[in-house]
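Peer 1: Okay, here's the structure, questions in a sec.
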Amino acid sequence: MKTRAAVAWEAGQPLTIETIDLDGPKAGEVLVEVMATGICHTDAYTLSGLDSEGKFPAILGHEGAGIVRDVGAGVTSVKPGDHVIPLYTPECRQCKSCLSQRTNLCTAIRATQGQGVMPDGTSRFRCEAVGGTRNTDGVIFHYMGCSTFSNFTVLPEIAVAKVREDAPFDKICYIGCGVTTGIGAVINTAKVWPGANVAVFGLGGIGLNVIQGARMVGADKIVGIDLNNDKRAMAEKFGMTHFINPNEVGADKVVQAVIDLTGGGADFSFDATGNVNVMRQALECCHRGWGESIIIGVAEAGREIATRPFQLVTGRVWKGTAFGGARGRTDVPKIVDWYMDGKINIDDLITHTMPLDEINHGFDLMHEGKSIRSVVVY
Ligand code: NAD
Ligand code: AHE
Ligand code: ZN
């Protein structure tokens, strides 16, 4: 079939809207009509060319919601008409990782996903006409197993979460990454306790969901740190109690500022910037003896984190989280319920919506710090 998609032909270039060819679902796969997709900073990171797994040409996008339109042989858990959220962290329930119940990092299809292809090693996307002038064989790669910047996409059955049908696509698409990552980091990874003091570095689409999660579990002080003062009002609305701008207090004073505000250091801190220097600050502002710092941000290829081992010797803990530790097919439908029951706020974080043709504007708004989440509605 034909579908419209925003194609990333090469690193650092704007996406272009193309009509491309999409093969139907093979065994164990489903065809999904994407109804809406958010634009996450990770899409911008890969487009920048600094993702070690970034492949071009590709169809980016991993924060979507849509409707199953067709299923391949052997698919049993969803059927045409079902509403689903694509999962860049699938849940096969059979691999060593899934069975361990110790991680959400399902390994069933991770290798091919990182290579931009489906589990059989091939892509379902082609763009013969334009491809002839831009690449040799017309193949376009998948991205994070999702490619939600295409109106129609094909996913493995284990990479879709079936969700209720009364939930609006243009809001619940955000649960496909940002909402689940931020809230899940608090609940699943850190297990923040009521009364804990929390520091959140980066008040964007992920960090604000960390703040929302921290408030949900009854955190006491919630300190937000961002270079952009315009993020402050939204963060306060979501539960931030104190704000630090490193440009105003001095980057070298941020750690002490958090320690002072929290009476000795944060019980939990979160990096939602992707900056390795910030990750160090996030660790070192944690309370001696028990403070835990959770890395959410994705850093460019080649970047490394550093700290004095003494920071860990004296009891601080450094952890990371992918998709907030959530098991997609199990947890995502519950998070959709939380939204529909008014337990979490998504609407206010979606500051912009736009048609696919204006997707590059969504990236611009993110880079300019003017949006929290932009959502493309097909
Ligand atoms: P965003 O652009 O919406 O927000 C980033 C925020 O960080 C902005 O408000 C920006 O002003 C702030 N910031 C940048 N540099 C800073 C600094 N030095 N000090 C303080 N604040 C700073 O991005 P997002 O969509 O919220 O994503 C945040 C990060 O999380 C990205 O690195 C993204 O790739 C990553 N991410 C990880 C996962 C995961 O599963 N681990 C999931 C989604 C996103
Ligand atoms: N390809 C990147 C990895 C980027 C990364 O860490 N991605 C997160 C999700 S970010 C969503 O916005 C993730 O799920 N990581 C676990 C995994 O298996 O990829 C790189 O840096 O090489
Ligand atoms: Zn994301």
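Peer 1: Once fully extended, how much extra length lies between residue 330 and residue 100, figured as 0.36 nm per residue of separation less the alpha-carbon to alpha-carbon distance?
Peer 2: 81.3 nm
Peer 1: Next question. What distance in nm separates the two pseudo spin-label positions at residue 249 and residue 313, each 7 Å out from Cα along the beta-carbon direction?
Peer 2: Distance between label points: 2.7 nm.
Peer 1: If you line up the long axis of helix 328-340 against the longest principal axis of the chain, both from Cα atoms, how many degrees apart are they, to the nearest 10?
Peer 2: Taking the Cα atoms of the chain, the angle to 328-340 is about 70 degrees.
Peer 1: On a straight-distance basis, which lysines could pair with residue 79 in a cross-link, Cα separation under 22 angstrom, same-chain partners fewer than 8 positions away excluded?
Peer 2: The reachable lysines, counting only those whose Cα sits under 22 Å from residue 79, are 2, 26, 162, 334.
Peer 1: Is the shape of segment 281-326 best called rounded, prolate or oblate, per the rule: a/c under 1.5 gives rounded, else a/b larger than b/c gives prolate, else oblate, with a ≥ b ≥ c the square roots of the Cα gyration tensor eigenvalues?
Peer 2: Oblate is the answer for segment 281-326, as a/c is 1.5 or above yet b/c matches or exceeds a/b.
Peer 1: Among the aspartates and glutamates, which have Cα under 12 Å from the Cα of residue 370 when same-chain residues fewer than 8 positions away are ignored?
Peer 2: Within reach: 230.
Peer 1: Go ahead and collect, in residue order, the members of segment 80-113 whose backbone nitrogen is under 19 Å from a label point 7 Å along the Cα-Cβ direction of residue 340.
Peer 2: Inside the label zone: 80-87.
Peer 1: Relative to a virtual label point 7 Å from the Cα of residue 69 in the Cα→beta-carbon direction, which members of segment 345-378 show backbone nitrogen distances below 15 Å?
Peer 2: Correct set: 378.
Peer 1: Now for a different question. For a protection proxy built on the mean count of beta-carbon atoms within 10 angstrom, sort 296-306, 27-37 highest first, please.
Peer 2: Packing order, densest peptide first, comes out as 27-37, 296-306.
Peer 1: Residue-wise, which Karplus ³J(HN,Hα) couplings in Hz belong to segment 371-378, taking 6.51 cos²θ - 1.76 cosθ + 1.60, θ = phi - 60°, and x for glycine or proline?
Peer 2: 10, 9, 10, 9, 10, 8, 10, 7
Peer 1: Sticking with this one: Pull up the cross-link candidates among the aspartates and glutamates for residue 171, meaning alpha carbon to alpha carbon under 12 Å and not fewer than 8 places away within one chain.
Peer 2: Those aspartates and glutamates meeting the cut-off are 63, 347, 348.
Peer 1: Mind running the shape call on the chain? Use the C-alpha gyration tensor, a ≥ b ≥ c as the square roots of the eigenvalues: rounded below 1.5 for a/c, prolate if a/b tops b/c, oblate otherwise.
Peer 2: Prolate, since a/c reaches 1.5 and a/b exceeds b/c.
Peer 1: Follow-up question, since we're still on this one. Of the listed peptides 77-84, 262-269, what is their order by residue-averaged count of other C-beta atoms within 10 Å, with the highest listed first?
Peer 2: 262-269, 77-84
Peer 1: Still on this model: Could you compute the net charge surrounding residue 283? Neighbours are other residues with a C-beta less than 11 Å from the C-beta of residue 283; K and R count +1, D and E count -1.
Peer 2: Working: positive: 280, 308, 316, 319; negative: 271, 284, 292.
It works out to a net charge of +1.
Peer 1: While we're looking at this one, here's another question. Calculated from DSSP H runs of 4 or more alone, at -39500 (n - 2.57) each and per residue, what is the 222 nm mean residue ellipticity of the chain, nearest 500? It would help to have the intermediate numbers written out before the result.
Peer 2: Values: 14 runs with 99 residues, N = 378.
For the chain, the value works out to -6500 deg cm²/dmol.
Peer 1: Rounded, prolate or oblate: which fits segment 51-190, taking a ≥ b ≥ c as square roots of the Cα gyration tensor eigenvalues, rounded meaning a/c under 1.5, else prolate when a/b beats b/c?
Peer 2: Taking the square roots of the gyration eigenvalues as a ≥ b ≥ c, segment 51-190 is prolate.
Peer 1: Explain nothing, just the number: dipole magnitude of segment 56-187 about its Cα centre with +1 on each Lys and Arg Cβ and -1 on each Asp and Glu Cβ, in debye rounded to the nearest 20.
Peer 2: Charge dipole of segment 56-187: 300 debye, to the nearest 20.
Peer 1: On to the next question. Taking the Cα centre of the chain as origin and charging only Cβ (+1 Lys, Arg; -1 Asp, Glu), how large is the dipole, in debye to the nearest 20?
Peer 2: 1060 debye
Peer 1: So what J values fall out for segment 276-288 if you push phi through Karplus, 6.51 cos²θ - 1.76 cosθ + 1.60 with θ = phi - 60°, rounded to Hz, Gly and Pro as x?
Peer 2: With the stated coefficients, segment 276-288 comes to 5, 6, 5, 4, 5, 4, 5, 5, 6, 8, 7, 5, 4 Hz.
Peer 1: Amide H of residue 375: which non-local residues (sequence gap of 5 or more, or other chain) have their own amide H closer than 5 Å, using H built in the peptide plane?
Peer 2: Placed amide hydrogens put 352, 353, 354 under 5 Å from residue 375.
Bear in mind that the values in this text are calculations on the coordinates, not laboratory data. Values in this document were obtained by computation on a predicted structure and should not be read as measured data. Positions of Cβ are generated from backbone atoms using ideal geometry, with glycine treated the same way; all protein chains shown enter the neighbour counts.
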